[in-house]
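One structure is given below, encoded as structure tokens.
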Ligand code: C2E
Ligand code: MG
Ligand code: MG
Ligand code: MG
């Protein structure tokens, strides 16, 4: 199987890739009906103040249950980005999250933060971004407690463009978190150029705290620097007591992970 690409260049696809392509096509077709059929649901993973042990916020994580099967976001979000379905899906996620924020406020809880993951595609598309600005404005909630999580990959392809967009989001009052920090290319020196409020240390770092002396050193220095630069640091993927103790010792304010709580339906969270 060969496809002509440009001037006389041929690209060959292996059977594996063709199969993956067909599979993704099938999923993309099913995804069209997922929203209408209520197959998408939102789970919330609590984030804790590591010093007090209190829940300070929730990260919204989308789930797709199709034919009783769980399809992970790592699988369908890239497909939705490819087909453009991500816009509609993310619109729904943001509206639901803002509605949840409003419910908290109605119950008298104004401090709970809600963190929403935003795909790079949504950030970059002009039409979609205008729509996003509109929904963000249409809810009467305290936006200083809404956090938009962006990954480094969303930023590095065109840093000036991304910085502009992030500034616009910030103008709405929301806070910006840099997700999966440490997995991409951006270094600590990059950070100060970005309009961000929060740095989320990637799980891969946290996992090696106890085994890898160098990683532990890197985390220590990130924590010190972040404190100096006035960033809040959130540690992702805390799974062991040892990791938790290390993070507390070096004054990481906030953390989330299976040790503390898995992502769960909102009704299951014990505050
Ligand atoms: P992320 O934003 O970095 O989310 C953290 C992921 O780590 C989540 O996986 C969460 O379930 C998982 N996790 C949390 N604590 C632990 C832990 O202690 N151990 C382990 N092994 N995993 C932990 P999930 O829900 O499968 O999401 C994967 C990625 O998919 C997310 O990474 C995010 O990039 C994307 N995603 C999820 N929900 C959404 C969404 O609503 N919108 C967008 N655009 N992307 C989403
Ligand atoms: Mg995230
Ligand atoms: Mg992350
Ligand atoms: Mg991630």
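Test residue 237 against the stated conditions and say whether it is buried (at least 16 other Cβ atoms within 10 Å of the Cβ), in contact with a strand residue (DSSP E or B) (Cβ under 6 Å, 6 or more places away or on another chain) and modelled with pLDDT of 95 or more.
Yes.
Please work out which one of (1) touching a strand residue (DSSP E or B) at 6+ places or on another chain (Cβ under 7 Å); (2) assigned to a helix (DSSP H, G or I) is the condition residue 116 fails and give its number.
Tallying (1) touching a strand residue (DSSP E or B) at 6+ places or on another chain (Cβ under 7 Å); (2) assigned to a helix (DSSP H, G or I), residue 116 fails exactly one: (2).
So, in the stretch 112-124, exactly how many residues are more than 16 Å from ligand 4 (Cβ to nearest atom) and modelled with pLDDT of 95 or more?
Selection size over the stretch 112-124: 3.
Would you check which residues across the stretch 140-180 are part of a helix (DSSP H, G or I), within 15 Å of ligand 4 (Cβ to nearest atom) and surrounded by fewer than 22 Cβ atoms within 10 Å (Cβ to Cβ) and list them?
152, 153, listed by residue number.
Regarding residue 160, is this residue on the phi < 0 side of the Ramachandran plot and out of contact with any strand residue (DSSP E or B) (no Cβ under 7 Å at 6 or more places or on another chain)? First the steps, then the outcome.
Numbers: on the phi < 0 side of the Ramachandran plot: yes; out of contact with any strand residue (DSSP E or B) (no Cβ under 7 Å at 6 or more places or on another chain): yes.
The answer is yes for residue 160.
Here are 88, 59, 81: which of them is touching a helix residue (DSSP H, G or I) at 6+ places or on another chain (Cβ under 8 Å) and on the phi < 0 side of the Ramachandran plot?
Working: 88 fails: touching a helix residue (DSSP H, G or I) at 6+ places or on another chain (Cβ under 8 Å); 59 fails: touching a helix residue (DSSP H, G or I) at 6+ places or on another chain (Cβ under 8 Å).
Going through 88, 59, 81 in turn, the sole match is 81.
Can you tell which of 209, 219 is part of a loop (DSSP other than H, G, I, E, B) and either away from ligand 4 (no atom under 15 Å from the Cβ) or at pLDDT 90 or above (or both)?
Values: 219 fails: part of a loop (DSSP other than H, G, I, E, B).
Going through 209, 219 in turn, the sole match is 209.
Answer yes or no as to whether residue 270 is within 22 Å of residue 97 (Cα to Cα) and either at pLDDT 95 or above or in contact with a helix residue (DSSP H, G or I) (Cβ under 8 Å, 6 or more places away or on another chain) (or both). Give the steps one after another, and end with the answer.
Numbers: within 22 Å of residue 97 (Cα to Cα): yes; either at pLDDT 95 or above or in contact with a helix residue (DSSP H, G or I) (Cβ under 8 Å, 6 or more places away or on another chain) (or both): no.
So residue 270 fails the test.
The values are calculated or read from the model by the stated rules, or taken from the named source; none is laboratory data. Since we're looking at a predicted model, the values are computed, not measured. Every residue, glycine among them, receives a Cβ derived from its backbone with ideal geometry; neighbour counts consider all protein chains shown.
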